Structure formats: structure tokens, C-alpha cells
1. Within the stretch 162-182, is there a residue that is within 20 Å of Asp79 (Cβ to Cβ), part of a helix (DSSP H, G or I) and in contact (Cβ under 8 Å) with a residue 40 or more places away in the chain?
2. For the stretch 179-208, what are the residues that are surrounded by fewer than 19 Cβ atoms within 10 Å (Cβ to Cβ), more than 19 Å from Lys230 (Cβ to Cβ) and in contact with a helix residue (DSSP H, G or I) (Cβ under 7 Å, 6 or more places away or on another chain)?
3. Does Pro139 meet the test of being surrounded by 18 or more Cβ atoms within 10 Å (Cβ to Cβ), in contact (Cβ under 8 Å) with a residue 40 or more places away in the chain and more than 25 Å from Arg272 (Cβ to Cβ)?
4. Does the stretch 202-211 contain at least one residue that is farther than 18 Å from Glu153 by Cβ and not in a helix (DSSP H, G or I)?
5. Can you name every residue in the stretch 116-125 that is out of contact with any Leu (no Cβ under 8 Å at 6 or more places or on another chain) and closer than 22 Å to Val240 by Cβ?
6. State yes or no: is Arg113 farther than 23 Å from Val240 by Cβ, modelled with pLDDT of 95 or more, assigned to a helix (DSSP H, G or I) and not hydrophobic (A, V, I, L, M, F, W, C)?
7. Given the conditions (1) over 18 Å from Val68 (Cβ atoms); (2) crowded, with 19+ Cβ neighbours inside 10 Å, report the number of the one that Leu172 does not fulfil.
Amino acid sequence: MDRRPGRHRRVFLRGGSTAARPQHRQEGHRGTRLVSDIPDSRPTATVVIPCLNEGDAIGGLVAEVLAVAADPNLPVRVDRVLVVDNGSTDHTAASAAAAGAGIVSEPRRGYGRACLSGVLAARDADIIVLMDGDRSDQPAELPRLLEPLLAGEADLVIGSRIMGDYEPGSLLPQQIFGNRVATFFLRLVFRVRMTDIGPFRVIRREQLLDLGMREMTYGWSIEMIARAAKSGLRVREVPVSYRKRAAGESKVSGNLRASVKAGYRIMFAIVRAKRDSLPLPEELAEDQRP
């Protein structure tokens, strides 16, 4: 990646926030951008939001992210927000685009598949920010996650809802129980102490791609932690707040069958991450090539 002094990068901001800087507006399939002619030495971050039928929530979330991105004191430049539409049948893509996000279409269902598609699309990013599209995560807390990463104290930073302040009813009993089981096995198998495998996290893009992620479903989140620990990356948690989802029903905890299936995928991801040293299957290897 070209990091020469004076190279101008596109900065994804909400309109009107930096009138003193010479800018012009660009529209495109990757979202609305304000392009500044002022060099910016901050590392570049792309926010990746996997979505399936979150049309009533995603617009508000994108607006929150863009408000955070417009803060000149943010330690990274958020170049764009990518919403990965994972085969939605509602107005998810339209709402996200109207709010200013870029849209990545990934019709092949799977939480991990959607996350990976967004990461691959974020070609100019130094840092990847992942969060869910139901507006439960709070983008205003992004600086808290970035701090240990940028200070060189961690390679993967997870926002822990358990350590933080979660709104009553935002985490269902099956989610809390599943977290306890998953983090117990992470500690047992990989000697990494965690309280949560939450979706709000930051990691450098190159390090994420080097992990060789294989789980294309709900095992993605825990697989990232497991493979990071196995690879010797430093994994750290910071407390974050968590809200009730803005609309709709959780794809996992909303019904028993989905919860059981997700639990199986999570446990399978731990076992496979421990034992797996074979090359990636060709399909996934092709997916992860920059």
C-alpha cells in the first residue's frame, strides 16, 4: 500500500462537517464521499457491516458511523462504510445506500461469508472494523477499540458486552449461556481468556487475511479469536455498551433451532481451528485472495 507523504486519500465524511477544507462530493456504488485535498497521515479504516433483512435498522446505524467518522479527532480515517447485503428480501440495501453506505452484494448466505466479502472489498483499508447491522453496537465507542490496536498493545480487539453495560433484554439468556460455553472452550483449548465473542471488533486487514478464515457461517466470530490466538496474535477485550436491536428478530437467538445450529457451528470452529493445518479448500482460497 502506498504510504508516501502527500498522497491524498478519499475521506468518507458526512456532508458539511469540514467546510474549511477544500472538498468535492462524489457519488458512486461505494457510497457518498467527500474527497479532501488535505493530506491525512492517519491509518485508513473501513467499517464492514454484514446484513440480512435489517432494512429498518441499517440506515440509522450507517448515520451513526458516519457521524463518528466525521470527527477530526478520530485516530483513523474511515474511508467508507460497506454494508454487505447477504441476500436480503427487504429494503436493507436501499436504506443503507440512502444513508451513505457502499453496498457489497453477497447472495450466498452465511454470516462469515458476508464478513469475508466485505473485508475483500475493503482493498484500501489498513484496519477493518466489524459490527452487526441491527444497531445494537454503538459506533461512538469505536475509539475505545482502536486505542490498544493503535498503541501496539493488541492485534485483535473485541468489544465485550459482558464487561460493559448492556441494556436489559439486549442479550437473551441463551446468548449469555452460549458466550460462557464458547469462552470456556477458548480458554481450555487456546489459553485465551475471553468474556465475550461479540461482533464489534477491530483488526488490521492484512493480519485478518493471513488467518485463513474458513467458517462461512456463525462460527466466523469465534474462529477469528481462535486462529488469532493460535497464530500468536495478541487478543484483547475492552468493555462496550450494547442496546436492544432496533427492529426485527435476531437470526440466531430469535429461535431455538437457529440457536442450536449456531452453537454447533461455534464449537466446530474451535475444534477445526485447533486441528486444522491443511491448505484452504480452493473455493475459500480463491475468496481470500486480495
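The values are calculated or read from the model by the stated rules, or taken from the named source; none is laboratory data. Since the structure is predicted, the reported quantities are computational estimates derived from the model, not experimental observations. All Cβ positions, glycine included, derive from the backbone under ideal geometry; neighbour counts span all protein chains shown.
1. No, every residue in the stretch 162-182 fails to be within 20 Å of Asp79 (Cβ to Cβ), part of a helix (DSSP H, G or I) and in contact (Cβ under 8 Å) with a residue 40 or more places away in the chain.
2. Residue satisfying the conditions is Thr195 alone.
3. yes
4. yes
5. Result: Ala125, single match.
6. Yes; evaluated as a whole, the condition is true for this residue.
7. Only one criterion in (1) over 18 Å from Val68 (Cβ atoms); (2) crowded, with 19+ Cβ neighbours inside 10 Å is unmet by Leu172, namely (2).
Table: residues versus (1) among the acidic types (Asp, Glu); (2) surrounded by 21 or more Cβ atoms within 10 Å (Cβ to Cβ); (3) in a loop (DSSP other than H, G, I, E, B).
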| site | (1), (2), (3) |
| --- | --- |
| Gly55 | no, no, yes |
| Asp71 | yes, no, yes |
| Leu74 | no, no, yes |
| Pro107 | no, no, yes |
| Asp124 | yes, no, yes |
| Gly133 | no, yes, yes |
